[in-house]
Amino acid sequence: MDIPKNLDGQYDPADHEARMQQAWQDADCFNPDNQPNVDSDKEPFSMVLPPPNVTGTLHVGHAMMVTVQDILARYHRMCGQETLWLPGTDHAAIATQSKVERQLKEETGQSRFDLGREEFLKKVEGFAVESHATITAQLEKMGASVDWSREAFTLDEAREKAVRTAFRRMYEAGLIYRGDRVINWDPVGGTTVSDDEVDHVEETGSFWTFRYDADFPIAVSTTRPETKLGDTAIAVHPDDERYAEYVGQTLEANFLGVDLEIQVVADDEIDPDFGTGAVGVTPAHSMTDWDIAKRHDLPLKQVIGEDGRMTAAAGDFAGMTVNEARKAIVEKLDEAELIEETEEVTKNVGRAERTDAIIEHLPKKQWFVNVSKKFKVESSKIDGIEAGEEITLKELMQTAVASGQINITPDRFEKNYNHWIDNLRDWCISRQIWYGHRIPVWYHESKCVPIEGREEDVSKCEPFIVSDKSHDAEFPCPHCGAKYIQDSDTLDTWFSSGLWTFSTLGWPEETKDFKRFHPTNMLVTAYDIIFFWVARMILMTGFLLEDVPFTDVYFHGLVRDGEGVKMSKSLGNTMDPVDVINEHGADALRMALIDGTTPGQDSNISDEKIKKFSKFANKIWNATKFVMMNLPDSYTHEKPAEITGEHQAYLDQLAAKVDEVTANIDKFQFNLAAEKMYEYFWHVFADEIIEATKGQVYGEDLDEKEKASALFTLYEILTTSLTLLHPFMPHLTETLWQELPDTDGLLTITTWPNADKKTNA
RNA sequence: GGGCGGUUAGCUCAGCUGGUAGAGCAUCUCGUUUACACCGAGGAGGCCGCAGGUUCAAGUCCUGCACCGCCCACCA
């Protein structure tokens, strides 16, 4: 028999991958509404794509995430479950805005303030559109079986409504509040950032022990003398006899020309053995000092401004940058012989994740989510929480996981998660940037900001309105005609991504999709956003739906280069998935990402590894060619009356392999499933079984019964293998499936070999 | 200061609930067999970080230690 004409030569993915993607799109089978192989007895399977930031292009880390999810989606779809994998993108507020700001600066030298809010936002949106097009093209190229008809964007109209509704409901429950607190201020980005957006870098610096003035009885230590201009107290341990006589007193000091009133307080948190045992308390510029100040009702004195310069309260040092002031203060202290000791120490310096600016701690009025305030749960769907129970967001987040309702793979991350929640402070959700969901609060201009000369009767007017409705940035007050003006801040990007599993399904409307697909089944993501995102999703879903967002979380590791070095643009070792796909095919890339990697473990991707699987693809191509060359012209796959003992043993081995691979996928052991199929197809099927049957299917003096038995066995093993490999190598397997003589329709909606055995699929 | 991960063949890594060590690449020998040279047959190469313990049996479980890496935490 001749070589099948479409299988001539070697396998070249470039000839087939796009064709197969088109065939799937044409059949529209990734849209669960049109999925033809749904088994109505089975539960649906749903997942959201963690929305990539619209800040550029996808990298191999995304490819890993997409591969794992696509394996799951295709597997569950083949098992007959109505399967939804919902794609989308994230506006990534600060990340996107700062990227566009940098571009603007480089190209025109302008800042966002030169352009103005409206013009600048147009620029950002233009950039986002471009980036979005790149990302969707990349996802398609990887073979992601997502349902594009349901695509969402964290900043589109439907999501805006979800965000406003969420904000309002949390506000009404008393969980969102506006308050003064010390926040993390990014002086370069000109915005607050949350605790999680601060990276701590170890740097060396001096640690000075000094007195405010020569007559002051207590010495204090600091790495940041410039903040000491804002000291309003000294805290000591209650049992510390050295300072007992001063506790309760208010001492006067003149610190390099600035008058200080220092209250001496006793606080259990102070370590008497560290430094002098006395801490200069700076409530305005330290979060821990702020806490101390709250406990002792201490006043607050801000000496550093939002521009990173000393304020008027800093006396002679006003107007200096923080660094200049530090230097000047140390010099003057030195001259006045007030420094008792200078030590070199290593210290953690907080830097803004996006701009790398050194974070300043400043007191500022911001919006927060209170994670420690009890609220009443109306009708709980969370295991371990009863309807009517009073609970905090922290407790809710921990219960959802501790109860086992949310299962984390690998489970060691559960510890991380709990530990983070234990230490969680209120979540600062307002940002002073322009790109994002504007805070849905409107302030009454005459009530909140009294305007001179106006005498409207404002007794009926609300000072501000929190609304889930769509309003303009300004609208007239129905009572007095003055204006309501919207808060100029935007929300932390994770506020909207926290709603992602249900905002994408139409919430707050009770849509069919929402009822059918929520809670979702799986969340697949890298472990580095467990706090940013996973925890916030559990928080938001827990409060708003009194439910969990998903029942399984799978964390994959970070992807490094072949030498195990973290990929970065500056090192030039980044890998664009599209380049790899163009050269070796998406299937080879997918297998290379899965092979030899375990959940949560960082892995290396190398050219060598990718080649391994492009060779494997070629092997499958050729084995299929061999089987087809030996089939009769109009082969139909029917079991012959007699299967020889030898062949039956092969089929039994195959059945066992099906069970093993299925079990591996069910347990999220994708590496084992992939390695098993590699080993089986190449070294068992190709090397042994095909070789052993060669003399039985072609040549002289054939036993016709044995030949029929052999051909049936070969075809059975081949088609079953292609089916098992489909979630991993969808393009190649679909291509071959289309060439085989007795296959029906698309492989991607063909039933998984032992799908009927699976009870809870 | 807490927590987590890693330490297995020259390199990069698998090894699920404990039962006499595996893959790819590299290396050596042989083979132009009509699916595939992106191939086949065969070989060499491992006190499974160190030290104890549990067990009939440990790379796999327990304890301690060492080194590498990561995360969290502003000892002011």
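The values are calculated or read from the model by the stated rules, or taken from the named source; none is laboratory data. As the structure is a prediction and not an experimental result, all values here were calculated from the model. As a convention, Cβ positions derive from the backbone with ideal geometry for all residues, glycine included, and neighbour counts pool all protein chains shown. What goes into the accessible areas is simple: the full protein's heavy atoms, side chains included, and nothing from ligands, DNA or RNA. Shrake-Rupley method; radii C 1.70, N 1.55, O 1.52, S 1.80 Å.
List of remarks:
- Carbon plus sulfur fraction of accessible area for the stretch A:168-277, probe 1.4 Å, in percent: 42 percent
- Based on protein heavy atoms only, the stretch A:331-396 ends up with 56 Å² per residue of surface accessible to a 1.4 Å probe.
- Spacing of the two label points (7 Å from each Cα toward its C-beta) at A:ASP356 and A:ASP114, in nm: 2.2 nm
- Computed from Cα positions, the angle between helix A:413-422 and the longest principal axis of chain A comes to roughly 20 degrees.
- Protein heavy-atom accessible surface, 1.4 Å probe, per residue over the stretch A:87-194: 41 Å².
- Straight-distance candidates among the aspartates and glutamates for linking to A:LYS376, with alpha-carbon spacing under 16 Å and chain neighbours fewer than 8 residues away dropped: A:GLU172, A:GLU386, A:GLU389, A:GLU390, A:GLU395, A:GLU546, A:ASP547.
- Charge dipole (debye, nearest 20) of chain A; +1 at Cβ of Lys and Arg, -1 at Cβ of Asp and Glu: 1340 debye
- Full extension of the chain between A:ASP28 and A:PHE207 yields a length gain of 57.9 nm, computed as 0.36 nm times the residue separation minus the alpha carbon distance.
- Nearest-0.05 FRET efficiency for A:TRP420 and A:THR392, computed from C-beta distance (R0 25 Å): 0.95
- Ordering of A:245-255, A:738-748, A:166-176, A:491-501 by packing [mean C-beta count within 10 Å, highest first]: A:491-501, A:166-176, A:738-748, A:245-255
- Share of carbon and sulfur in the accessible area of the stretch A:1-71 stands at 43%, probe radius 1.4 Å.
- FRET E, pair A:TYR177, A:GLU679, Förster distance 56 Å, beta-carbon r, rounded to 0.05: 0.45
- Rounded to the nearest 500, the 222 nm mean residue ellipticity of chain A from helices alone is -11000 deg cm²/dmol, with -39,500 (n - 2.57) taken per DSSP H run of at least 4 residues.
- Largest-first principal axis extents of the Cα set of chain A (Å): 114, 63, 57
- Neighbourhood charge, 12 Å Cβ-Cβ cut-off, centred on A:HIS285 and excluding it, Lys, Arg +1 and Asp, Glu -1: 0
- Rounded to 5, percent antiparallel among DSSP beta bridges of chain A: 70 percent
- At full extension, A:ASP199 and A:GLU157 could sit 11.8 nm farther apart than now, given 0.36 nm per residue minus the alpha carbon distance.
- Per residue, in Å², the accessible surface of the stretch A:503-563 once ligands and nucleic acids are set aside, probe 1.4 Å: 30 Å²
- Between helix A:670-679 and chain A: long-axis angle, C-alpha atoms, 0 to 90°, nearest 10: 30 degrees
- Accessible surface of the stretch A:383-513, 1.4 Å probe, proportion on carbon and sulfur as whole %: 47 percent
- With R₀ fixed at 35 Å, the C-beta to C-beta distance from A:GLN601 to A:SER149 puts the FRET efficiency at about 0.50.
- Two-decimal log10 I(q)/I(0) for the stretch A:468-517, as the Debye equation yields it once each C-alpha is a single scatterer, q = 0.31 Å⁻¹: -1.12
- At most 13 other Cβ within 10 Å, DSSP loop - GluC sites (Glu not before Pro), the stretch A:322-406: A:GLU337, A:GLU378, A:GLU386
- By average C-beta atoms within 10 angstrom, highest first, the peptides A:62-70, A:714-722: A:62-70, A:714-722
- Residues of type lysines that A:LYS625 reaches as a straight line, Cα spacing below 17 Å, ignoring anything fewer than 8 places off in the same chain: A:LYS5, A:LYS615, A:LYS694
- Whole-Å semi-axes of the ellipsoid equivalent to the stretch A:65-197 (Cα gyration tensor, √5λ, descending): 33, 24, 14
- Alpha carbon centroid spacing (whole Å) that separates the stretch A:739-754 from the stretch A:367-428: 44 Å
- 21 Å Cα-Cα threshold exceeded, pairs from A:LYS612/A:LYS676; A:LYS42/A:LYS512; A:LYS294/A:LYS365; A:LYS415/A:LYS676; A:LYS99/A:LYS569; A:LYS381/A:LYS512: A:LYS415/A:LYS676
- Helix A:607-630 and the longest principal axis of the C-alpha atoms of chain A enclose an angle of approximately 20°.
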